[in-house]
Structures are given as C-alpha cells and as structure tokens.
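**Student:** Handing you a structure now.
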Amino acid sequence: MHQQVGAIERRHRQIMEVGLALLAHSYLPNIFWEDAFLNAIYIINCLPISILQHKSPYEMVNNSKPDFNFLRVFGCAC
C-alpha cells in the first residue's frame, strides 16, 4: 500500500509540474488552469513508460499509437 501511495504522489507531482509549466510558458491567466492540466494529463498519457515495455498508457488502452499531428503550442490561437 505504501508503494502505491508513493507512486500516486509522484504522478500527481508530475501532472502539477507539467500543468504549471504549460501555464507559465503560455503567459495565460490562471483561469485556464483546467485546460492546462487536461493537456498535461493527455501529454503524460501519450509518453512511453518502462513499466509498459516502453509503450504509452494511451497505446495500451486504444491499441494504437497516439497521433501528435493535431497538437499545437499551448496558448496559441491557431
């Protein structure tokens, strides 16, 4: 149980760091925190991890590689 709590805390910290980095880099006001954190979670779930034999959680759930063609700079109007 203790190991699971540590893993959850690390994942939460990773989401917080990525979300706050997206907000800071985009110079958007804090009212966009929800969008920043949703994007952070999506990006993190598309990254490969060693526990899944270097596959992403997205790939494991959807049985296909994630499509990055639609991604844009966070905070960009286009």
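The values are calculated or read from the model by the stated rules, or taken from the named source; none is laboratory data. Keep in mind it's a predicted model, so treat the numbers as computed, not measured. Please note: Cβ atoms are built from the backbone with ideal geometry, for glycine as well, and neighbour counts cover all protein chains shown.
**Student:** Restricting to the stretch 52-73, name every residue that is of a type in the set (Phe, Trp, Tyr) and within 14 Å of the chain's Cα centre (by Cα).
**Tutor:** TYR58, PHE68
**Student:** On to the next question. Just to verify a result, which residue in the stretch 59-78, among those that are hydrophobic (A, V, I, L, M, F, W, C) and assigned to a loop (DSSP other than H, G, I, E, B), is modelled with the lowest pLDDT?
**Tutor:** Ranking the candidates gives CYS78 first.
**Student:** Additional query: Within the stretch 34-58, can you find the residues that are part of a helix (DSSP H, G or I), of a type outside the set (A, V, I, L, M, F, W, C) and surrounded by fewer than 11 Cβ atoms within 10 Å (Cβ to Cβ)?
**Tutor:** Residues satisfying the conditions are GLU34, SER50.
**Student:** Scanning for something within 13 Å of the chain's Cα centre (by Cα), hydrophobic (A, V, I, L, M, F, W, C) and either surrounded by 13 or more Cβ atoms within 10 Å (Cβ to Cβ) or farther than 20 Å from ALA7 by Cα (or both), does the stretch 25-32 turn up at least one residue?
**Tutor:** no
**Student:** Further, regarding this structure: Would you please list the contacts, defined by Cβ atoms under 9 Å and residues six or more apart or on different chains, that run from a residue in the stretch 46-73 that is closer than 26 Å to ALA24 by Cα and in contact (Cβ under 8 Å) with a residue 40 or more places away in the chain to a residue that is of a type outside the set (Lys, Arg) and surrounded by 10 or more Cβ atoms within 10 Å (Cβ to Cβ)?
**Tutor:** VAL73/HIS25; VAL73/SER26
**Student:** Pull out all pairs, ordered by first then second residue, where Cβ-Cβ is under 6 Å, the residues are six or more apart or on different chains, the first lies in the stretch 6-33 and is part of a helix (DSSP H, G or I), and the second is among the aromatic types (Phe, Trp, Tyr).
**Tutor:** Taking only residues 6 or more apart or on different chains, the pairs are GLY19/PHE37; LEU22/PHE74; SER26/PHE74.
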